[in-house]
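J.: Here it is: the structure, laid out below.
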Amino acid sequence: MSSRRGRIFFRALRLRCPHCGERGVFRHWFAMHDHCTHCGISLASGNSVGANLLNLLLAELILVAVLTGLVVLTWPEPPWDLLQFGAPVLMVIAPLAFFPLSRALFVAIDLAMHPQALPDRPAHGIGSQLT
């Protein structure tokens, strides 16, 4: 992975603009601005279907890891009642908890795959393009 792509994903993991690294790309937990207020790059390019798919994937991976870990750690007497009621609760909580992360990561994936979609110059005259 190039250092440019690494910076893009690192910024997204910190819930910042993948292009310039500035804060404030989210209006609130469930809503992202259409454009970065600092560099002007479109944050709406990450369509909601792809971001929701990524969110579901993250939630499913967490569920499998937690369930597998619990069963392995408590074998031969796994807490089946806890697993029976805890798994659905985790499947409700995990997508809600990782919603902003999945949106930011999907914008970063789009930016890493389509760097030619970057604006020629920042909207506010501040910042610089990644090289």
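Rule-based calculations on the coordinates, nothing more; no lab input. All values reported here derive from a predicted model rather than from experimental measurement. Please note: Cβ atoms are built from the backbone with ideal geometry, for glycine as well, and neighbour counts cover all protein chains shown.
J.: Can you work out ³J(HN,Hα) from phi for every residue in segment 61-73, in order, using Karplus 6.51 cos²θ - 1.76 cosθ + 1.60 and θ = phi - 60°, giving whole Hz and x for Gly and Pro?
T.: My calculation for segment 61-73 gives 5, 5, 4, 4, 5, 5, 5, 5, x, 5, 5, 5, 5 Hz in order.
J.: If you take every residue apart from residue 71 with its C-beta less than 15 Å away from the C-beta of residue 71, what net charge results, scoring Lys and Arg +1 and Asp and Glu -1?
T.: On the way: positive: none; negative: 77, 81.
Surrounding charge for residue 71 is -2.
J.: A further question follows. If you look at just the Cα atoms of segment 3-117, how large are its Rg and its Dmax in Å?
T.: Gyration radius and largest Cα-Cα distance of segment 3-117: 17.2, 56 Å.
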